[in-house]
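Beneath this line is the structure, given in structure tokens, with notes to follow.
The values are calculated or read from the model by the stated rules, or taken from the named source; none is laboratory data. None of these values were measured; they are calculated from a predicted model. Glycine gets a Cβ as well: all are built from the backbone with ideal geometry, and neighbour counts include every protein chain shown. When the accessible area is computed, the model is the full protein with side chains, heavy atoms only, and any ligands, DNA or RNA have been set aside. Shrake-Rupley method; radii C 1.70, N 1.55, O 1.52, S 1.80 Å.
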Amino acid sequence: MSPVRSKLMPVKSPLQRLTAILLLMLSPFASAEEDPFDAIDRLLEAQFEETDQSLEEQFIAIDQAMEAAYQRLSREVGAVWGEQETVLPTKSQWTDYSADLTLRREFDFENGVIRIEKVVEPETSIQTAVSEIARAAAAAATDSMADLDQKDHAVQYARAELAEAGIEIPPSPGRKPVLENLIELPSAELITETIEARKPPMEKAAASLSAPVLAATETPLPAVGKKKIAIQIPFKQNHREVLANKYYAAIAREAARHDLEPSLLLAVVETESSFNPRARSPVPAYGLMQLVPRSGAMDAYQYLYGEPTLLGPDYLYEPDQNVELGAAYLNILTTRYLRQIT
């Protein structure tokens, strides 16, 4: 996946920079009395100032677009569900909504459950709601990063706004199921039975329900004059091990590349995101290792590829790319910023 592309930030390769320097040195407009190395320093300083300004402008544009997108999504969700029922993504929980915002899925990586909730009219039958809930549950087992990208209202809003400014956030190319081998799908019949029985929260109902263990609730939403039908599906009991194994190849590769312990990278991922690949914090920081575009991600990308580049959310949501940059940043911290500390 390519980094964010923008008309604000023309990225020059080392060869292009060398060519520019040679042209400056040979230019008839260069002062004959000026030392060639002074000319090089002057050119490089001007380039860095231009790049820094471009990156700053781009960061501000992306940051403002994402913030505006989440504010818009919050207002729209509040209008459908009520302000007290507004749920947005966090570090450990990925949340997405249907196109009409009446159904949401909460992938809770910290507690190992998926909650699927549907807001309906008070008189709506359970069977009517269950069919949509069952489809959403089935999709949860097969959705890829590309699918989640398309269901991410905030990213879609920001992408449209940024496109007008000439900034492109490329779509995610990831095609592997994010929750592969993590959940056992309940049948529509079991979902219906569970909802009709008005089961209490999962931990209280576990003894009386067959696998997969379900919990169901039906809650009035007086603020909008509707009700919420919700089910809760647990991840498999060994979900943390499954998630760790899912990303271990990338973690081991990058740990070896930077002479780090794989256990350190695993600990950072678990602490920062609970293995949620689409983790987002208000900083904003993104992805498994919670990289901040303006600092850690930019430093790591420049360290690896020689260019100060501002990366968008979707680049940092990709697990392999996030781990690559996260490991590089830990290397930078160890060998540069914290090198005097034993």
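Of note:
- In the stretch 215-249, the residues that are within 13 Å of Asn276 (Cα to Cα) and among the hydroxyl-bearing types (Ser, Thr, Tyr): Tyr247
- Criterion (within 27 Å of Ala138 (Cβ to Cβ), touching a helix residue (DSSP H, G or I) at 6+ places or on another chain (Cβ under 6 Å), among the β-branched types (Val, Ile, Thr) and buried (at least 20 other Cβ atoms within 10 Å of the Cβ)) met by exactly one of Ile169, Ile183: Ile183
- Which numbered condition Leu260 fails, given (1) open to solvent by 10 Å² or more (accessible area, probe 1.4 Å); (2) touching a residue at least 24 places away in the same chain (Cβ under 8 Å); (3) in a helix (DSSP H, G or I): (3)
- Options Ser281, Ser208, Ser295: the member that is under 23 Å from Gly174 (Cα atoms), of a type in the set (Gly, Ala, Ser), surrounded by fewer than 21 Cβ atoms within 10 Å (Cβ to Cβ) and modelled with pLDDT under 95: Ser281
- Here the condition is being closer than 23 Å to Val113 by Cα and part of a helix (DSSP H, G or I); of Arg294, Arg240, Arg278, it holds for Arg240 alone.
- Residue pairs whose Cβ atoms lie under 8 Å apart, sitting 6 or more positions apart in sequence or on different chains, and linking a residue in the stretch 77-95 that is touching a residue at least 60 places away in the same chain (Cβ under 8 Å) and closer than 22 Å to Ala139 by Cα to a partner that is aromatic (Phe, Trp, Tyr) and not in a helix (DSSP H, G or I), are Ser92/Phe109; Gln93/Phe107; Gln93/Phe109; Trp94/Phe107; Trp94/Phe109.
- Pair list, Cβ under 6 Å, 6 or more apart: the stretch 148-172 residue over 20 Å from Gln321 (Cα atoms), other residue modelled with pLDDT of 95 or more and surrounded by fewer than 16 Cβ atoms within 10 Å (Cβ to Cβ): Tyr157/Arg72
- Hits in the stretch 236-257 - residues which are open to solvent by less than 40 Å² (accessible area, probe 1.4 Å), in contact with a helix residue (DSSP H, G or I) (Cβ under 8 Å, 6 or more places away or on another chain) and in contact (Cβ under 8 Å) with a residue 12 or more places away in the chain: Ala244, Tyr247, Ala250, Ile251, Glu254, Ala255
- Here the condition is being open to solvent by less than 40 Å² (accessible area, probe 1.4 Å), over 19 Å from Ile169 (Cβ atoms), of a type outside the set (D, E, K, R) and without any contact (Cβ under 8 Å) to a residue 40 or more places away in the chain; of Ile341, Ile332, it holds for Ile332 alone.
- Number of residues in the stretch 222-232 that are farther than 11 Å from Lys118 by Cβ and surrounded by fewer than 22 Cβ atoms within 10 Å (Cβ to Cβ): the value is 4.
- Any hit, the stretch 100-108, residues being of a type in the set (Phe, Trp, Tyr), modelled with pLDDT of 95 or more and surrounded by 14 or more Cβ atoms within 10 Å (Cβ to Cβ): yes
- Residue check for Leu73: surrounded by 15 or more Cβ atoms within 10 Å (Cβ to Cβ), in contact with a His (Cβ under 7 Å, 6 or more places away or on another chain), modelled with pLDDT of 95 or more and not aromatic (Phe, Trp, Tyr): yes
- Condition check for Ile251: at pLDDT 95 or above and more than 22 Å from Asn111 (Cα to Cα): yes
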